[in-house]
Amino acid sequence: VSTQSTWGLTQPRSTKEWAKGGSEAPTLLETIENSKATVLLGLSGISGQFNKTIVEQMTKNAERPIIFCLSNPTANVEALPSDVFEWTDGKALVACGSPFADVNFKGKSHPIGQGNNAFVFPGLGAGAIIAGASKITDNMIMEGSLALAEYTINNWLPHGRIYPPVSDIRKVCQYVAVKVVKQAIADGVNTVNLQDQDIEALVATESWNPVYPHVRPRAF
């Protein structure tokens, strides 16, 4: 929805003539009703932005709506996962930007995935460094995102998770890094010669292990 500037931002030329303001601007509920949206992404930073009426409208648009309440911190989340499950009779696919405990609904436990860029950015950066990438291409970013989806489908979707648990983040980042390195090579932006290299082994070798020696103060 294109609205007239409310945050001191200039509207792009391509949308400016369509921008609405004041009473002409549609509400979130009107937008969902008229667009028949099936995916709702919360990036507003406004607590409670997704109320019961809005969430129930999503269930009219799709049997299993995707509702991601991604704002941080927890106090700013658009809706509590437990409320979303209650209002959709457990049918919504839910993720949050902050950590939330599993939701028990009608005798079934629903893990709440943490939709956070921490699953992609470390692997993207590591892959770019290992490849000596002269730039990060759009393809590398896309490949990193697809790698996260692939990892989740292969390892966690059968367990009812649409994101891996944060405890698995090291493995996720290594998986992403491998895909990013290979894409950097495919895009011709690598400056490190990786021909005949085992990329998986290289990424594992280059990964930092946060292991610290136990140090005791010297006794006097």
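The values are calculated or read from the model by the stated rules, or taken from the named source; none is laboratory data. Quick caveat, the model's predicted, so the values are computed rather than measured. Every residue, glycine as well, gets a Cβ built from its backbone with ideal geometry; the counts of neighbours run over all protein chains shown. In case anyone asks, the SASA skips ligands and DNA or RNA and just uses the protein heavy atoms, side chains included. Shrake-Rupley method; radii C 1.70, N 1.55, O 1.52, S 1.80 Å.
At a glance:
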item: Accessible-area order (highest first, 1.4 angstrom probe) of the listed residues C69, C173; result: C173, C69
item: Within the chain, longest stretch clear of exposed GluC sites (Glu not before Pro) (DSSP loop, no more than 12 other Cβ within 10 Å); result: 64-220
item: Label-to-label distance, nm, for residues given as E30 and N193 (7 Å Cα→Cβ offset); result: 6.4 nm
item: For the chain, the fraction of alpha-carbon pairs in successive 5 Å shells from zero, as %; result: 1, 6, 11, 13, 13, 13, 12, 11, 9, 6, 3, 1, 1, 0, 0, 0
item: Accessible surface of T53 - all protein chains present, 1.4 Å probe, nearest 10 Å²; result: 80 Å²
item: Under Karplus coefficients 6.51, -1.76 and 1.60, residue-wise ³J(HN,Hα) of the range 71-85 in Hz, glycine/proline x; result: 5, 10, x, 4, 5, 9, 5, 5, 7, 6, x, 4, 5, 4, 5
item: Cross-link reach list, aspartates and glutamates versus K60, counting only Cα pairs under 19 Å and skipping chain neighbours closer than eight places; result: E30, E33, D83, E86, D89
item: Sites matching chymotrypsin sites (Phe, Trp or Tyr not before Pro) across the range 100-142 that sit in DSSP coil, with at most 15 neighbouring C-beta atoms within 10 Å; result: none
item: Nearest-20 debye value, the range 120-220 charge dipole, Cβ charges on Lys, Arg, Asp, Glu; result: 560 debye
item: Where labels lie 7 Å past Cα in the beta-carbon direction, separation of V211 and N72 in nm; result: 2.9 nm
item: Environment charge at I32 (Cβ cut-off 15 Å; Lys +1, Arg +1, Asp -1, Glu -1); result: -1
item: Lysine pair count for the range 87-220 [Cα-Cα under 22 Å; pairs on different chains or 8 or more apart]; result: 6
item: Probe 1.4 Å, protein heavy atoms only - accessible area per residue of the chain in square angstrom; result: 63 Å²
item: Per DSSP, loop trypsin sites (Lys or Arg not before Pro) in the range 96-145 with at most 14 further Cβ within 10 Å; result: K106, K135
item: Accessible surface of the chain, 1.4 Å probe, proportion on carbon and sulfur as whole %; result: 54 percent
item: Residues of the range 33-48 with amide N under 17 Å of a point placed 7 Å along Cα→Cβ from K60; result: 33-40
item: Relative contact order [Cα under 8 Å, 6+ residues apart], the range 31-82, whole percent; result: 48 percent
